[in-house]
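One structure is given here, and the rest of the page talks about it.
The values are calculated or read from the model by the stated rules, or taken from the named source; none is laboratory data. Being a predicted model, the structure only gives us computed values, none of them experimental. Backbone-built Cβ (ideal geometry, glycine too); neighbour counts: all protein chains shown.
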Amino acid sequence: MIQSIILYGSVLILLGISWKKDKHKTKKSLGMGKQMAKGTLPEIIGIMAIIAWVLAIIPEEMIKNVLGGDSEFLSTIYGALIGTVTIIPAFIAFPLAKQLLAQGAFLVAIASFITTLTMVGFATIPLEKKQFGMKFTILRNLYSFLAAIVIAVLMGVIL
């Protein structure tokens, strides 16, 4: 809560400084931001709706079993794959990870889930492809996925 207040307060202060420095440029920038938001909002809502629907039909118990199953290696890969296709904010993912860990999920599987959740954007590929091109999108997601696995394994070794 306090972080949000600080963030929004900082944005308002910086917007005020920009407005005072050059009203015309600030108005133009706000208009451009509004147009970009209008253009991407339907795609973002659609992507989030699909992901919410998929998550609603997968039982929570199944996710727990997958992340704490018989094989730590497979659970780590499953955690990475789940994180890759899931869109949830970090402030929800961290408490969820703590709960899953308490219920028997492997630490490395949770780490792979969190790192891919924040680094890989499988569900946002259509939007990213439109903005940056398909080659960039595929390479960024592939490298991010591999880096997330390495980070998860290192966290398992360190912790």
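So in the stretch 92-117, with the set limited to residues that are among the β-branched types (Val, Ile, Thr) and surrounded by 14 or more Cβ atoms within 10 Å (Cβ to Cβ), which one is nearest to Thr40 (Cα to Cα)? Residue satisfying both the conditions and the ranking: Thr116. You will find that of Gly83, Gly68, the residue that is farther than 30 Å from Met1 by Cβ, modelled with pLDDT under 90 and crowded, with 18+ Cβ neighbours inside 10 Å is Gly68 and no other.
Only one of the numbered conditions (1) among the hydrophobic types (A, V, I, L, M, F, W, C); (2) within 25 Å of Phe122 (Cβ to Cβ); (3) modelled with pLDDT of 90 or more is violated by Ala90, and that is (3).
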